[in-house]
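K.L.:
This structure is in structure tokens; I'll ask about it shortly.
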Number of protein chains: 2
Amino acid sequence: MPKIVDHEERKKRIAEAMWRVILDKGMEGATVRNIAEEAGLSLGALRHYFQNQNDLLVYAMTLVLERANSRIESVMKRDIPPKEKVIAVLLEIVPVNAETLAEMGVWFAFTAYVKHRKDIPNVPEDGIFEGTQKFIGYLHATGLLKEGLDLELEIERLYAFIDGIAMHALLDPQRLDSERVIKTIEYHINSICVE
Amino acid sequence: MPKIVDHEERKKRIAEAMWRVILDKGMEGATVRNIAEEAGLSLGALRHYFQNQNDLLVYAMTLVLERANSRIESVMKRDIPPKEKVIAVLLEIVPVNAETLAEMGVWFAFTAYVKHRKDIPNVPEDGIFEGTQKFIGYLHATGLLKEGLDLELEIERLYAFIDGIAMHALLDPQRLDSERVIKTIEYHINSICVE
């Protein structure tokens with residue numbers, strides 16, 4: 001079914017064009033017209049794939065999540081010790097290279113935008129809270145967590161820490177370079193794990 | 001000098017009108033026209049106080065910081081033990097009531113907006129990183145920090161944690177209510193302090 005493949009490929013290309021426009025001009029600049037131009041398509045051709053800007057927005061957000069989730073799934077399959085695995089997964093969420101910095105940049109812009117738009121149906125959630133629950137549960141199940149920790153509050157703390165450092169890596173990359181991001185994440189995970 | 005007072009009061013009222021417009025409509029809706037309408041002024045009258053939208057934006061951002069800083073200064077003057085003081089200050093930054101939730105809402109919108117606007121001069125910084133350095137330094141100087149901590153990484157971790165939980169309190173207030181925010185902040189500070 002080559003036609004279906006083309007259709008999906010084209011939709012992805014349009015979503016990626018939307019990402020680039022957002023990174024360059026912010027959400028204010030992410031008009032259907034600008035996105036069509038960036039994708040090298042006519043307005044009519046773009047409307048063939050996405051009926052309105054909300055459809056495109058939700059698709060582009062979902063694509064960010066799919067890419068991140070697919071990287072996380074590969075890490076989960078790697079044969080490395082549990083603590084290293086959790087750290088490696090966190091480093092697929094927190095931006096430490098150009099690709100994940102770009103993802104975080106569009107995600108941050110999306111989040112600030114949809115906060116004020118109650119009219120957009122099916123806005124996807126990033127799932128980081130549920131992920132954090134799994135990571136803490138996994139460290140606990142493998143006997144790596146220190147004694148006496150409050151698991152609920154460790155989840156809340158890790159969730160806040162991860163999203164906060166991701167935002168800082170995005171907004172202040174000069175000060176907080178990837179080496180420092182990695183050191184801080186390792187430091188936090190080591191602080192809650194037995195030696 | 002009643003005239004100067006009126007001038008400053010009027011500027012504050014306009015900035016507060018901008019906050020309300022942002023909270024209701026997002027940065028996309030924060031046009032000079034909408035802000036003038038919300039403030040009950042003509043466009044001409046608004047332009048008497050702010051020559052352009054950037055001037056107003058920077059003023060409105062600065063006013064958010066001034067309010068937060070003035071609350072923090074009052075807390076610093078209170079006669080309470082150092083650990084309680086640090087926690088109380090953090091609870092002036094992280095939103096735990098309607099006033100601080102509104103501040104965080106406009107600040108988050110500002111931050112996402114100015115990220116893509118290299119043309120706005122004198123964008124103020126929130127100073128939370130410098131604050132975090134002071135809080136960790138203060139806990140260290142008063143002998144409250146546990147032995148063997150890495151101060152640089154504790155600053156980075158607290159900074160990420162505080163900004164992350166502030167963002168979550170803003171974006172997900174149903175799940176993360178103020179009681180849970182307070183418990184998590186106390187938990188983190190207790191985890192780095194001696195009993």
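K.L.:
For B:I120, go 7 angstrom from Cα along the Cα-to-Cβ vector, then report the distances to that same point in the other copies in nm, smallest first.
P.N.:
1.9
K.L.:
Shortest first and in nm to one decimal, what separations exist between B:E28 and its copies in the other chains, measuring from label points 7 Å along the Cα-to-beta-carbon line?
P.N.:
From this label point to the equivalent ones elsewhere in the assembly: 1.3 nm.
K.L.:
Against the longest alpha carbon principal axis of chain A, how many degrees, from 0 to 90 and to the nearest 10, is the axis of helix A:53-77 turned?
P.N.:
40
K.L.:
Where nothing but the Cβ of Lys and Arg (+1) and of Asp and Glu (-1) is charged, how large is the charge dipole of chain A around its Cα centre, in debye to the nearest 20? Don't skip to the end; give the middle numbers.
P.N.:
Values: 24 positive and 31 negative charges, 111 e Å.
Computed about the Cα centre, the dipole is about 540 debye.
K.L.:
Do the sum for chain B: with -39,500 (n - 2.57) for every DSSP H run of n ≥ 4, divided by all residues, what is the mean residue ellipticity at 222 nm, to the nearest 500 deg cm²/dmol?
P.N.:
Roughly -24500 deg cm²/dmol at 222 nm, from the helical runs in chain B.
K.L.:
Just tell me how shielded B:106-116 is by partners: mean number of partner chain Cβ atoms within 10 Å of each residue's Cβ, no decimals.
P.N.:
Averaged over the peptide's residues, the number is 5.
K.L.:
Over the whole of A:162-169, what's the average partner chain Cβ count within 10 Å per residue? Rounded to a whole number, please.
P.N.:
Details: counts 3, 8, 13, 7, 2, 6, 7, 1.
Rounded to a whole number, the mean comes out at 6.
K.L.:
Can you find, among B:V86, B:M61, B:Y187, the residue sitting farthest towards the positive end of the charge dipole of chain B, where Lys and Arg contribute +1 and Asp and Glu -1 at Cβ?
P.N.:
So the residue furthest toward the plus end is B:M61.
K.L.:
With charges set only on the Cβ (+1 for Lys and Arg, -1 for Asp and Glu), what does the dipole of the protein assembly as shown come to about its Cα centre, in debye to the nearest 20?
P.N.:
It comes to approximately 1000 debye.
K.L.:
Hey, another quick one. Quick one: with label points 7 Å out along Cα→Cβ, list the inter-copy distances for A:K12 in nm, shortest first?
P.N.:
Result, one decimal in nm: 5.5.
K.L.:
While we're looking at this one, here's another question. Taking only the alpha carbons of chain A, what extent do you get along each of the three principal axes, in Å, biggest first?
P.N.:
If we take the Cα atoms of chain A, the spans are 61, 41, 31 Å.
K.L.:
Same structure, new question: Hey, what did chain A get for relative contact order, percent, Cα under 8 Å, at least 6 apart?
P.N.:
Worked out over chain A, it gives 22 percent.
K.L.:
Just tell me how shielded B:23-29 is by partners: mean number of partner chain Cβ atoms within 10 Å of each residue's Cβ, no decimals.
P.N.:
4
K.L.:
At what distance in angstrom do the alpha carbon centres of region A:1-54 and region B:98-132 lie from each other?
P.N.:
Each part reduced to its Cα centre gives a spacing of 30 Å.
Read-outs throughout are calculated quantities, based only on the coordinates presented, and are distinct from any laboratory measurement. Being a predicted model, the structure only gives us computed values, none of them experimental. Every residue, glycine as well, gets a Cβ built from its backbone with ideal geometry; the counts of neighbours run over all protein chains shown.
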